[in-house]
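Here the structure is laid out as structure tokens; the discussion comes afterwards.
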Amino acid sequence: HVRWVKEKLAMGWKYGTDYATVEERNKKMIHKDIVPYEMLTEDEKSKDKLMVNNILTLLKKYDSNIKIYNYRMGRKTTLEIAGTGHRFFHDNYDDIKKKVKNFLIDQSKYNHVVVRTCFANGADQLIAECAIELGLTLKAVLPLPLEEYIQKIKDDAISHGQPFTYDDELNVRHLLAQTVVCQTIETKKRTYVETNQYMVENSDMVLVIGDENSFEPKEKDFIFWGTVLDAIEKAKATKKATFVIKCNC
């Protein structure tokens, strides 16, 4: 499914549901299934399963010319990186992306890197973009069901005086559609509390984009729940390595 999504996006297709027929869909170059695999209907999922099963059948039919290799053999060790940080930057976006990419490239020299993020505005989406552009495996951990969360991302940007256009929404949707895992861990205390906990616990390293105020709590209080500082504190508590990219936020 992810391969299909990447192919569609490369050809200029976009996520969309405003069509009644296949002809209209193809003319507009929009598709309702440019979404995370988990969001597909069971009928659509069954098409992917059918393709895989057909491939296995063909392999058996022509087994005299087929060699099977152990996929894991010779692979690099998997390194799971949780990406988080501030939602709004003063520094140049492209400069921050360059720093993130350099970090991920360094980690990829000796590891099979998997990047996990919550896809919030700012750092989360920037890190996801870097992962996709570098061809890395990307996973999503969301604090709300997909449609609710996209609306929250939009409301969050607008409430902070930041623009959030239709293209911005499409960018988030297209990033999420390229994740190999997109799961929802709904928060019970405050948005991002449980997602932070899950990300840190299921990672080997934490990548943080933030400013000086991100790293030293002025006081221990619930106000930090679900924030960048909360993720850093959880990383410290579990003795996870933390790499920091500092910028003005």
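Relative contact order of the chain, taken over Cα pairs closer than 8 Å and 6 or more residues apart, is 23 percent. Around the amide H of I209, modelled in the peptide plane, lie the amide H atoms of T84, G85, H86, I245, all under 5 Å away and 5 or more residues distant in sequence or on another chain. The mean accessible area for residues of the chain, using a 1.4 Å probe and ignoring ligands and nucleic acids, is 58 Å² per residue.
Solvent-accessible area of Y93, all protein chains in place: 90 Å² (probe radius 1.4 Å, heavy atoms, ligands and nucleic acids excluded). Dipole orientation for the stretch 11-52: of the candidates V22, G12, L50, G12 has the Cα lying most toward the positive pole (charges on Cβ; Lys, Arg +1; Asp, Glu -1).
Heavy-atom accessible area with a 1.4 Å probe sorts M39, M51, largest first, into M51, M39.
For the chain, what ratio Rg/Rh do Cα atoms give with a Kirkwood hydrodynamic radius?
Checking Rg against Rh, the ratio lands at 1.01.
Ordered from largest to smallest accessible area (heavy atoms of protein chains, 1.4 Å probe), the residues L59, L79 come out as L59, L79.
In this structure the amide hydrogen of I81, modeled in the peptide plane, comes within under 5 Å of the amide hydrogens of V114, V115, R116, D204, none closer than 5 places in sequence on its chain.
The string of couplings for the stretch 14-24 from the Karplus curve (6.51, -1.76, 1.60, θ = phi - 60°) is 9, 5, x, 10, 7, 7, 10, 10, 4, 4, 5 Hz, one whole number per residue in order, with x for Gly and Pro.
The values are calculated or read from the model by the stated rules, or taken from the named source; none is laboratory data. Here the structure is a predicted model, which is why all the values come from computation and not from measurement. Don't worry about glycine lacking a Cβ; one is built from the backbone with ideal geometry, like all the others, and counts go over all protein chains shown. Side chains are part of the model used for accessible areas, which takes the heavy atoms of the whole protein and leaves out ligands, DNA and RNA. Shrake-Rupley method; radii C 1.70, N 1.55, O 1.52, S 1.80 Å.
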